[in-house]
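Only the coordinates and a few stated rules stand behind these numbers; no lab work does. From a predicted model like this one, the values you see are computed outputs, not experimental measurements. For neighbour counting, all protein chains shown are included, and Cβ atoms are generated from backbone atoms with ideal geometry for every residue, glycine included.
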Amino acid sequence: MTNATNPVTITAPEGVPFIDIEREFDAPVAAVYRAHVEPELVKQWLGPNGYDVEIERYDVRTGGGYRYVHTNPAGESYAFNGVFHVARPNEFIIQTFEFEGFPDVVSIESATFEDLEDGRSRVRAHAVYPSLEARDGMISSNMEVGLTEGYERLDGVLAAL
């Protein structure tokens, strides 16, 4: 089920190794940012439905880093890691992102947290890949399913804050 009120928009412009993602939330910026940086909250919503998430480290600060592992219902595990280059509370995060199943293909991602007033906010993400092939590989991995399902669970996390 997708959230018709706040759909995820994913754009992959032709000819450039970028992906842009946008999603609005019925929650204030401070709550949305908090749910993106506190490991116990991130664990509740990150990734596709039915996957377990083990967060080994998640230190959102300039110079911090992360590593987490998704495990699907069949027991297959997928690990991800990166470095937080900039973290400005309630405003902006720049990080690297690497799926360990494809080592050496690292994207640089930014997330901007925008106040839409009346207790609403928007997250805009921009990911830059080292090649069109790497970008297209990410798109063909069904990333939109994990993003959409994760953000729908994030709606529930935000409602409980």
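Computed quantities for the displayed model
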item: Selection status of F102, surrounded by 13 or more Cβ atoms within 10 Å (Cβ to Cβ) and in contact (Cβ under 8 Å) with a residue 12 or more places away in the chain; result: no
item: Flag if E56 is touching a residue at least 12 places away in the same chain (Cβ under 8 Å) and crowded, with 16+ Cβ neighbours inside 10 Å; result: no
item: Qualifying positions in the stretch 9-31 - of a type in the set (D, E, K, R) and surrounded by fewer than 18 Cβ atoms within 10 Å (Cβ to Cβ); result: E14, D20, E22, D26
item: Among residues of the stretch 105-161, those that are on the phi > 0 side of the Ramachandran plot and crowded, with 19+ Cβ neighbours inside 10 Å, counted; result: 0
item: Flag if I93 is closer than 19 Å to Q44 by Cβ and either of a type outside the set (G, A, S) or crowded, with 16+ Cβ neighbours inside 10 Å (or both); result: yes
item: Residue in the stretch 27-34 that is without any contact (Cβ under 8 Å) to a residue 60 or more places away in the chain, closer than 23 Å to S121 by Cα and of a type outside the set (D, E, K, R) present; result: no
